[in-house]
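> Here's a structure for you.
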Amino acid sequence: MNVDHASIDDVIRARRTNMFVDRERPVPDDVIVELCELATWAPNHKRTWPWRFASVTGAGRSRLGRVVSNAMAAHGDDPNKVSKALTKYERTPNILIIGSIPGDSDERTTENRDAVAAACQNLMLAATARGIATYWGSCPKGSHDAVAEFAGFDPGTHIAGIFYVGYQAETMETPQRPAPVVMRIAD
Ligand SMILES: Cc1cc2nc3c(=O)[nH]c(=O)nc-3n(C[C@H](O)[C@H](O)[C@H](O)COP(=O)(O)O)c2cc1C
């Protein structure tokens, strides 16, 4: 395969957790589907195809906020966070919920989640290359079941992330990363 690896390296380094996006310009559905398709090229032990995707736009975002806020309140979360959750998904025009299905053993469930995390990174890199910013948000504690049901996923699906997505309006500062520690084991 003849790909300019420098371009790929640039995309990897350019990806930033960023929700400074053009709020008036939703990412079209076909582009969202394209990103999800690229996500599915992640490595996946036993080919369980564990990823699940839900695209949330328009008034769906406030409905998601209500679902999460209610679940957080039921879970006894900080009332301040509960009230913020009501509107937080309206900060970007697109929200993507990504889930990971359980496996037939604990080990397989863990491997499914690893595969889905790799899929999430694929998706974010593909988005970066298209000028689309992403922000990986965790599913608040106690909200996984409610969000899975909202997304139309099977019961027991773990919510890997709730991603804020939109066309990038501002770049984020890129902090230096610590150099990797590489142990060297040879003959
Ligand atoms: C599994 C996972 C969950 C995350 N959840 C949150 C979150 O709930 N809120 C948040 O602000 N950032 C969250 N992040 C994003 C990280 O904060 C972010 O990746 C980190 O600050 C490094 O910044 P960078 O992505 O721009 O390199 C999450 C990242 C991962 C991998």
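The values are calculated or read from the model by the stated rules, or taken from the named source; none is laboratory data. Quick caveat, the model's predicted, so the values are computed rather than measured. All Cβ positions, glycine included, derive from the backbone under ideal geometry; neighbour counts span all protein chains shown. What goes into the accessible areas is simple: the full protein's heavy atoms, side chains included, and nothing from ligands, DNA or RNA. Shrake-Rupley method; radii C 1.70, N 1.55, O 1.52, S 1.80 Å.
> Rolling a 1.4 angstrom probe over the protein heavy atoms, how many square angstrom per residue are accessible across segment 18-167?
50
> While we're on this one: With a 1.4 Å probe and all protein chains kept in place, how much accessible area does Leu86 have, in Å² rounded to the nearest 10?
80
> Taking the chain as a Gaussian network, where each spring joins two C-alpha atoms under 10 Å apart, which residue of Ile12, Ile101, Ile162 fluctuates the most?
Most flexible of the set in this elastic network: Ile12.
> Shifting gears a bit: Can you tell me the relative contact order of the chain? Whole percent, Cα pairs under 8 Å, sequence separation 6 or more.
34
> Now for a different question. Sorting Tyr167, Tyr135, Tyr89 by accessible area (1.4 Å probe), largest first, what list results?
Result of the area sort, largest leading: Tyr135, Tyr167, Tyr89.
> From largest accessible area down, sort Met1, Met124, Met172, Met183; use a 1.4 Å probe on the protein chains.
Met1, Met183, Met172, Met124
> When the Karplus curve 6.51 cos²θ - 1.76 cosθ + 1.60 is applied with θ = phi - 60°, which whole-Hz ³J(HN,Hα) does each residue of segment 102-114 get, with x for Gly and Pro?
x, x, 8, 7, 4, 4, 5, 4, 5, 5, 4, 5, 4
> Hey, another quick one. Once phi is turned into θ = phi - 60°, what whole-Hz ³J(HN,Hα) does the Karplus curve with 6.51, -1.76 and 1.60 give for every residue of segment 129-135, x standing for Gly and Pro?
5, 9, x, 9, 8, 9, 9
> Pull out a ≥ b ≥ c, the square roots of the eigenvalues of the alpha-carbon gyration tensor of segment 66-159, then state rounded if a/c is under 1.5, prolate if not and a/b is larger than b/c, and oblate in the remaining case.
oblate
> Right, something else. Percent of accessible area on the chain owned by carbon and sulfur, 1.4 Å probe?
Reported share for carbon and sulfur atoms: 51 percent.
> Follow-up question, since we're still on this one. Show the residues, 5+ positions off or on another chain, whose built amide H is closer than 5 Å to the amide H of Phe53.
Those qualifying (amide H under 5 Å, at least 5 residues apart or on another chain) are Gly99.
> Also: Using the Karplus curve 6.51 cos²θ - 1.76 cosθ + 1.60 with θ = phi - 60°, what ³J(HN,Hα) values do you get for each residue of segment 33-46, in whole Hz, with x for Gly and Pro?
Couplings: 5, 4, 5, 5, 5, 5, 4, 6, 7, 5, x, 8, 4, 6 Hz.
> Using a 1.4 Å probe and counting only protein heavy atoms, arrange His75, His158, His5 so the residue with the most accessible area comes first.
His5, His75, His158
> Same structure again: Could you point to the residue in Val31, Met172, Pro155 farthest towards the positive end of the chain's charge dipole, with +1 and -1 charges on the Cβ of Lys/Arg and Asp/Glu respectively?
Met172
> Now for a separate question. Specify whether the C-alpha gyration tensor of the chain places it in the rounded, prolate or oblate class, a ≥ b ≥ c being the square roots of the eigenvalues: rounded for a/c under 1.5, otherwise prolate if a/b is larger than b/c and oblate if not.
oblate
> Let me ask another. State the answer as a single residue: which of Met124, Thr87, Trp51 lies farthest towards the positive end of the charge dipole of the chain, with beta carbon charges of +1 for Lys and Arg and -1 for Asp and Glu, about the Cα centre.
Of the candidates, Thr87 comes out farthest on the positive side.
> Evaluate the charge dipole of segment 18-167 about its Cα centre and quote only its size in Debye, nearest 20, assuming +1 on the Cβ of each Lys and Arg and -1 on the Cβ of each Asp and Glu.
Once rounded to the nearest 20, the dipole reads 420 debye.
> Sticking with this one: May I ask what percent, to the nearest 5, of DSSP beta bridges between residues of the chain are antiparallel?
Given both bridge residues lie in the chain, the antiparallel proportion sits at roughly 95 percent.
> Checking the a/c ratio against 1.5 first, then a/b against b/c, what shape does the Cα gyration tensor give for segment 1-55?
Oblate.
> Leaving out ligands, DNA and RNA but keeping every protein chain, what accessible area does Asp4 have, in Å² rounded to the nearest 10, with a 1.4 Å probe?
90
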